[in-house]
Amino acid sequence: MKLVLRAALLLSGAGLLPAQKYNGPRPPKPDIPYLVHADNLVQTEVSEAREETRNKEDLAYVVQGASSPAKTPLAGPIFLLQSEKIQPDRLQLYRFEAKSGHREVFFSKRKGNKSARSLRLSFVRLAQDLYRIEVIDSLENGEYSLSPEGSNQVFCFQVY
């Protein structure tokens, strides 16, 4: 019996045994990240960021509305994504600054200016085209967005 158990442990550690089947909730729509709240999924706000040039070398990406209707109390949110077109590892997370009824993220090429930096994410494949995306560092209360690299499409949410 001990020999069978050892062999099973060795094979599972080597990745030769099939992975456990994912039985949790699934996103109802593809290519939209959903916040995970226990067994409930909350759709992120889907929008398109408007690009604004500032001072020749600076860019801001602006989303209308002072805050996102998609909210989470979790400082380390987890998302589920059913991927068809969006590659999960191309998603980047940015913090927005709320200003005058809109949200924006600012990028500068000039030294000394505060330029937005993407926050760290981890990605785990749960099933065929189903991915779990986790924020690695704790997020402060505020407005955030996941966005595919090279795209103005944004998936907004608020940490409160």
Of the residues 8, 38, 75, which is exposed (fewer than 14 other Cβ atoms within 10 Å of the Cβ), over 17 Å from residue 151 (Cα atoms) and modelled with pLDDT of 95 or more? 75
Go through the residues of region 47-64 one by one and say whether even a single one is out of contact with any Leu (no Cβ under 8 Å at 6 or more places or on another chain) and on the phi > 0 side of the Ramachandran plot. yes
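Please go through region 31-89 and give me each residue that is within 22 Å of residue 127 (Cβ to Cβ), of a type in the set (Val, Ile, Thr) and out of contact with any Asp or Glu (no Cβ under 7 Å at 6 or more places or on another chain), ordered by number. Give the derivation first.
Narrowing region 31-89 to residues within 22 Å of residue 127 (Cβ to Cβ): 31-44, 77-89.
Add one more test, that the residue is of a type in the set (Val, Ile, Thr), and what stays is 32, 36, 42, 44, 78, 86.
Passing the criteria: 32, 36, 42, 44.
Tell me which residues, restricted to region 74-119, are among the β-branched types (Val, Ile, Thr) and touching a Pro at 6+ places or on another chain (Cβ under 8 Å). Explain how you work it out, then say what you get.
Quick first cut of region 74-119, residues among the β-branched types (Val, Ile, Thr) only: 78, 86, 105.
Hit for region 74-119 is 86, nothing else.
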Is it true that some residue in region 125-134 is closer than 24 Å to residue 62 by Cα and in a loop (DSSP other than H, G, I, E, B)? no
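The values are calculated or read from the model by the stated rules, or taken from the named source; none is laboratory data. Bear in mind that the values here come from a model prediction, so they are computed numbers and not experimental data. All Cβ positions, glycine included, derive from the backbone under ideal geometry; neighbour counts span all protein chains shown.
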